[in-house]
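Report on one structure; see the data block that follows.
The values are calculated or read from the model by the stated rules, or taken from the named source; none is laboratory data. Only a predicted model underlies this, so the values are computations on that prediction, with no experimental measurement involved. A quick note on method: Cβ atoms are made from the backbone with ideal geometry, for glycine too, and the neighbour counts reach across all protein chains shown. What goes into the accessible areas is simple: the full protein's heavy atoms, side chains included, and nothing from ligands, DNA or RNA. Shrake-Rupley method; radii C 1.70, N 1.55, O 1.52, S 1.80 Å.
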Amino acid sequence: MTVMKVAYSLSTLLILIAVASYAQEGNPPPCTEVKEVKIATDPIKRKALFSFIQSCIREHWFSLEYDKGIVHLYEYHNSQNELCWRLYPRIDDLYKDNPPNRFADFDGDIILIYDADSTGRVQKTVGDKASLNQCLEKIIGDRVFRRPITKKRWTSAVIPHINEKQREGNRRYGTGGVGEVIIRFNKDGSYKISPLG
């Protein structure tokens, strides 16, 4: 009987050690192709990012009904060498066209981080797009809508002036763009948010 108690105590101790070491490591991302980074490294950046995400929720730029929404963050230094973030709320899988190789988990919200030039234009990501997208799908899960495959569609319209039948119906690709801002971090520790669009 005492041997069983010792074995039980030993197995319990091993389980507790395993749980403690897992807790110290945290919960790592499900893949390594896209690197997790800490983006809000100080109280100013944290406040700016928190404010942006709250405005996405308040202004319904995220889909609360379907629980969709991630942030695209273009990181760059402007001509005055000030750190700038260009932020976009997204509810679709536009990231697949140019998947980033960095992301951040900000209090449960996913931030995809891209490198940009000094004017804020995103740079093309280097790496295998397929493996980056597979990894990002695991990280993002169901937080975005999947864009449907484009198919031709019927129309009865005729093009004016040349009197030819239009080949397919009108398209509306806009699924985002609203809510875009630039956050400029000043050297004195303050920041300025400038809405775009």
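Tally time: how many residues in the stretch 121-165 are at pLDDT 90 or above and either open to solvent by less than 100 Å² (accessible area, probe 1.4 Å) or within 25 Å of residue 27 (Cβ to Cβ) (or both)?
Number satisfying all stated conditions: 19.
Could you grab me the full set of residues in the stretch 97-111 that are open to solvent by less than 60 Å² (accessible area, probe 1.4 Å), out of contact with any Lys or Arg (no Cβ under 8 Å at 6 or more places or on another chain) and free of Cβ contacts under 8 Å to residues at least 60 places away in the same chain?
Correct list: 108, 109.
Determine which single condition residue 29 fails, assuming it passes every other condition in (1) assigned to a loop (DSSP other than H, G, I, E, B); (2) at pLDDT 90 or above; (3) surrounded by 10 or more Cβ atoms within 10 Å (Cβ to Cβ).
(2)
Being modelled with pLDDT under 60 and open to solvent by 50 Å² or more (accessible area, probe 1.4 Å) is the filter here, so list the residues in the stretch 169-196 that pass it.
If the condition is that a residue be modelled with pLDDT under 60 and open to solvent by 50 Å² or more (accessible area, probe 1.4 Å), then 170, 171, 172, 173, 174, 175 are the ones that fit.
Please go through (1) outside any loop (DSSP other than H, G, I, E, B); (2) exposed (fewer than 15 other Cβ atoms within 10 Å of the Cβ) for residue 89 and return the number of the only condition it doesn't satisfy.
(2)
Could you list all residues from the stretch 90-145 that are among the aliphatic types (A, V, I, L, M), within 12 Å of residue 72 (Cα to Cα) and in contact with a Phe, Trp or Tyr (Cβ under 7 Å, 6 or more places away or on another chain)?
If the condition is that a residue be among the aliphatic types (A, V, I, L, M), within 12 Å of residue 72 (Cα to Cα) and in contact with a Phe, Trp or Tyr (Cβ under 7 Å, 6 or more places away or on another chain), then 91, 110, 111, 112, 113, 116, 122 are the ones that fit.
For the stretch 69-81: of the residues being open to solvent by 30 Å² or more (accessible area, probe 1.4 Å) and of a type outside the set (S, T, N, Q), which is nearest to residue 187 (Cα to Cα)? So that I can check it myself, show each step before the final result.
Our first condition is that a residue be open to solvent by 30 Å² or more (accessible area, probe 1.4 Å); within the stretch 69-81, this holds for 74-75, 77, 79-81.
Cutting the leftovers down to of a type outside the set (S, T, N, Q) gives us 74-75, 77.
Details: 74: 19, 75: 16, 77: 12 Å.
Residue satisfying both the conditions and the ranking: 77.
Report yes if residue 47 is more than 20 Å from residue 90 (Cβ to Cβ), at pLDDT 85 or above and either open to solvent by less than 80 Å² (accessible area, probe 1.4 Å) or part of a helix (DSSP H, G or I) (or both), otherwise no.
yes
Residue 16 passes all but one of (1) at pLDDT 90 or above; (2) more than 14 Å from the chain's Cα centre (by Cα); which number fails?
(1)
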